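Take a look at the structure set out below.
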Number of protein chains: 2
Amino acid sequence: MVAASLFLCSLSLSAQEPPLTAQAVIDRIQKNVGIPWTTPTVDTFKAGDPNTPVTGIAVTMMATLDVIQRAAASGKNLVITHEPTFYSHMDQTAELEQSHDAVFSEKEAFIREHHMVVWRFHDHWHRRNPDGIQFGMTHALGWEKFQDPSNAHLFTIPETTLDGLASSVKHKLDIVALRVVGDPRMKLTKVAMLPGAGGSASQIKMLERDDVEALLIGEVPEWETVEYVADAATEHKHKALLLLTHIPSEQAGMEECARWLKTFVSEVPIEFVPARQPFWLPK
Amino acid sequence: MVAASLFLCSLSLSAQEPPLTAQAVIDRIQKNVGIPWTTPTVDTFKAGDPNTPVTGIAVTMMATLDVIQRAAASGKNLVITHEPTFYSHMDQTAELEQSHDAVFSEKEAFIREHHMVVWRFHDHWHRRNPDGIQFGMTHALGWEKFQDPSNAHLFTIPETTLDGLASSVKHKLDIVALRVVGDPRMKLTKVAMLPGAGGSASQIKMLERDDVEALLIGEVPEWETVEYVADAATEHKHKALLLLTHIPSEQAGMEECARWLKTFVSEVPIEFVPARQPFWLPK
């Protein structure tokens, strides 16, 4: 009894605040996200030990090696990423390991040697109300005042041409490789936005609406929504598609995530680390 | 007995050559393709009546409405297409019909009213030896002399930079929206080509090879092979990716298909009808 008391006493004397682990940060996210946490989900740890004490948090759109290196260089060892780390939606690494893939191995080794932890925040950040990505992208475009109060995906903007809209979006979001389908001279006011790669079923549903003339997306297979809008243009229907590429179509939604995280994590520095766009266009 | 004989006689007197139906053309393709015809396959009729007498054949990369209209205008009622007609790999139309989709309905009505027949030629044209798409694309690039005799996907080209290769491919294939990942100044001679959207597993396998520095593809989700090559570039590995967009990455393979078809179908005119690229790039 005496020994036990001494032990407890010594614990309480030497213990400062327990270190904030990666798992504790995720627990706090789950508590604050405002919707039930449901499984299966891709919102899981992708690399590193969840019990690692966190020195700082880098929030990003895509945990490319470049992003992870920049996070490590600034002393942040927890990377919260919207998109995959290992080149597939499920972050399956079995095949890459089996073939001793050199690109994967070097990334995995960097994460291990620098005691980094990578956790994905995709499904629940979208499901949150409002959708965190949609909210951040609307803010980045400055479109809050044009947003439909009953449907956050819909906007009524001042009349412009498709070409005008495309240029404006390209410059506001600093997009390298924006591609457009539709008549550049088409006049429009009614725009919908579905960031990322939500799939052609929901994209086509959106384009079927009378109150949607142009749809902004990240990407989609070219034999799906792209062919659909090409046909719509042949039929002289008032429809257009803007493919922003994936990173710039959602990136500002993770900048918003970093802002939100700071409202309930104050022990460590939190920084939004933008992922670089991978593309360039040849002459 | 007398009546039956008269009937037979009258049949044989009035019958000229039986008309070449769409089904008969496909039967002849199956007989000539040089590999066993295996099911399930997407190489099936997508619209129209297989018993329609064929007035001419339009061979195309993608049966967009624009292509179908141009085929009809030139009197060709059988369209042989490499890619889907109705916006999904399986050409499923149930949802489009249920929602009375206006874009689909107008395309479907045009096909019906003009008695057009659309048949897809994808799986077996690829599986043929040599792969008909790979063969046609190699010809379009003028790369026969650089091709590895033991692997039609591999080429050793005269030394150039990635930027030089990208410009050359862009101009040879007249590509509107070619996107590149990798260091533009990287010098290279070893190139691989996997036209279309063959999937990241086979693309990454190709990029793992020591004898592949740059890979030409049609398209891929940006969180797959695109992120992989972006990471490879961060690791200063000698790897690059050229995304040609889907249509120009396979189109010449269907021009080759039209040439091939003429070697065993001579009753009706056969024309290659190039699908227009859907994209434009804003300023």
Margin query: Yes or no: region A:244-256 includes at least one residue that is away from chain B (no Cβ under 11 Å), surrounded by fewer than 22 Cβ atoms within 10 Å (Cβ to Cβ) and of a type outside the set (Phe, Trp, Tyr).
Written below: yes
Next item on the list: Return a yes/no flag: does region B:169-188 have any residue that is more than 9 Å from every other protein chain (Cβ to nearest Cβ), surrounded by fewer than 21 Cβ atoms within 10 Å (Cβ to Cβ) and touching a Gly at 6+ places or on another chain (Cβ under 8 Å).
Entry: yes
Check: If you check B:Ile35 against the conditions, is it surrounded by 13 or more Cβ atoms within 10 Å (Cβ to Cβ), among the aliphatic types (A, V, I, L, M) and not in a strand (DSSP E or B)?
Finding: no
Notebook entry, point to check: Could you say which residue among A:Glu106, A:Glu113 is surrounded by fewer than 19 Cβ atoms within 10 Å (Cβ to Cβ) and within 22 Å of B:Val212 (Cβ to Cβ)?
Noted result: A:Glu106
Margin query: Can you list residue pairs whose Cβ atoms sit under 6 Å apart, with the first residue in region B:161-179 being in contact (Cβ under 8 Å) with a residue 40 or more places away in the chain and the second being part of a helix (DSSP H, G or I) and of a type in the set (Lys, Arg)? Count only pairs 6 or more apart in sequence or on different chains.
Written below: B:Leu178/B:Lys170
Check: Looking at A:Asn77, is it modelled with pLDDT under 95 and not small (Gly, Ala, Ser)?
Finding: no
Margin query: Only one of A:Thr60, A:Thr52 is modelled with pLDDT of 95 or more, over 30 Å from A:Pro130 (Cβ atoms) and in contact with a helix residue (DSSP H, G or I) (Cβ under 7 Å, 6 or more places away or on another chain). Can you tell me which?
Written below: A:Thr52
Next item on the list: Output the helices (runs of 4 or more DSSP H) that fall wholly within region B:57-147 and possess 1 or more residues being farther than 24 Å from B:Asn32 by Cβ, or say none.
Entry: B:65-73, B:94-98, B:102-113, B:132-141
Next item on the list: Scan (1) within 14 Å of another protein chain (Cβ to nearest Cβ); (2) under 14 Å from the mean Cα position of the chain (by Cα) for the single condition B:Glu235 breaks and write down its number.
Entry: (2)
Next item on the list: Within region A:132-142, identify whether any single residue is exposed (fewer than 15 other Cβ atoms within 10 Å of the Cβ), at pLDDT 95 or above and over 24 Å from the mean Cα position of the chain (by Cα), and answer yes or no.
Entry: no
Notebook entry, point to check: Looking at (1) free of Cβ contacts under 8 Å to residues at least 24 places away in the same chain; (2) of a type in the set (Gly, Ala, Ser); (3) at the interface with chain A (Cβ under 7 Å from one of its Cβ atoms), which is the only condition B:Ala230 fails?
Noted result: (1)
Note to self: When the residues of region B:257-271 are narrowed to those that are surrounded by fewer than 17 Cβ atoms within 10 Å (Cβ to Cβ) and not charged (D, E, K, R), which ends up farthest from the other protein chains (Cβ to nearest Cβ)?
What the structure shows: B:Ser266
Next item on the list: Exactly one condition in (1) surrounded by 17 or more Cβ atoms within 10 Å (Cβ to Cβ); (2) among the acidic types (Asp, Glu); (3) over 30 Å from B:Asp183 (Cβ atoms) is not met by B:Asp163; state its number.
Entry: (3)
Note to self: Would you confirm whether or not region A:272-280 contains a residue that is surrounded by fewer than 20 Cβ atoms within 10 Å (Cβ to Cβ) and within 19 Å of B:Thr85 (Cβ to Cβ)?
What the structure shows: no
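The values are calculated or read from the model by the stated rules, or taken from the named source; none is laboratory data. Just so you know, these numbers come straight off a predicted model, no measurement behind them. Positions of Cβ are generated from backbone atoms using ideal geometry, with glycine treated the same way; all protein chains shown enter the neighbour counts.
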